[in-house]
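**Student:** Here it is, the structure in full.
The values are calculated or read from the model by the stated rules, or taken from the named source; none is laboratory data. All of these numbers come straight from a predicted model, not from anything done at the bench. With ideal geometry, Cβ positions are generated from the backbone for all residues, glycine too; neighbour counts draw on all protein chains shown. When the accessible area is computed, the model is the full protein with side chains, heavy atoms only, and any ligands, DNA or RNA have been set aside. Shrake-Rupley method; radii C 1.70, N 1.55, O 1.52, S 1.80 Å.
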Amino acid sequence: QVQLVESGGGLVQPGGSLRLSCVASRSLVSIYTMNWYRQAPGKQRELVATVTSGGITNYADSVKGRFTVSGDNAKNTVYLQMNSLKPEDTAVYYCNLNTRTLSTWGQGIQVTVSS
């Protein structure tokens, strides 16, 4: 099994930036899709961004132009760069790895956007 560990969350003012990291416990050399989800209090979990092992990315309309997802296979890490953050981006963010043989989730990390 592969474990995922997120980091980089915290409290930021509106308009600020954060970079989330998701580190996998073993190599990401196989074909994969890494998703970033978020869940705000009282709301359903929402797919925010996706990156594939081939470098294809996709974003929710709510974050397009502000968030960038990228992967570094050499470091077994996927990043979510979040710029121009808004209070409505406040949520617990989760990374989710899918390959042909497994699907696994990180523990989640809190992002709070507030003045």
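**Student:** Beyond 25 Å, how much of the Cα-Cα pair distribution for the chain remains, as a whole percent?
**Tutor:** Here the long-distance tail beyond 25 Å is 16 percent of all Cα pairs in the chain.
**Student:** Give me the percent of Cα-Cα pairs in the range 62-115 that sit more than 13 Å apart, rounded to a whole number.
**Tutor:** 70 percent
**Student:** Can I ask one more? Step through the residues of the range 60-71 one at a time and calculate ³J(HN,Hα) from phi using the Karplus curve (6.51 cos²θ - 1.76 cosθ + 1.60, θ = phi - 60°), rounding each to whole Hz and writing x for Gly and Pro.
**Tutor:** 5, 4, 5, 10, 4, x, 10, 10, 9, 9, 8, x
**Student:** Running a GNM on the chain with Cα contacts under 10 Å, which residue among Thr99, Thr52, Thr77 ends up with the highest mean-square fluctuation?
**Tutor:** Fluctuation is largest for Thr99.
**Student:** Turning to a different aspect of this structure: Using a Gaussian network model on the chain with a 10 Å cutoff between Cα atoms, which of Val48, Val12, Val78 fluctuates the most?
**Tutor:** Val12
**Student:** Here is a follow-up. Compute, for the range 27-75, the length of the dipole vector about the Cα centre, with Cβ point charges of +1 (Lys, Arg) and -1 (Asp, Glu) only. Units Debye, rounded to 20.
**Tutor:** The dipole of the range 27-75 has a size of about 160 debye.
**Student:** So for the pair Asn98, Glu46, with labels modelled 7 Å out along Cα→Cβ, what separation do we get in nm?
**Tutor:** 2.0 nm
**Student:** Oh, and also: Determine the dipole magnitude for the range 9-115: charges of +1 sit on the beta-carbon of Lys and Arg, -1 on that of Asp and Glu, nothing else is charged, the reference point is the Cα centre, and the result goes in debye to the nearest 20.
**Tutor:** 140 debye
**Student:** How large, in percent, is the carbon and sulfur part of the accessible surface of the range 1-63 at a probe radius of 1.4 Å?
**Tutor:** 51 percent
**Student:** Students often forget the sequence filter, so: which lysines lie under 17 Å Cα-Cα from Lys86 once same-chain residues fewer than 8 apart are removed?
**Tutor:** Lys43, Lys64
**Student:** Sticking with this one: Return an integer: the convex hull volume of the alpha-carbon atoms of the range 33-101, in Å³ per residue.
**Tutor:** 98 Å³
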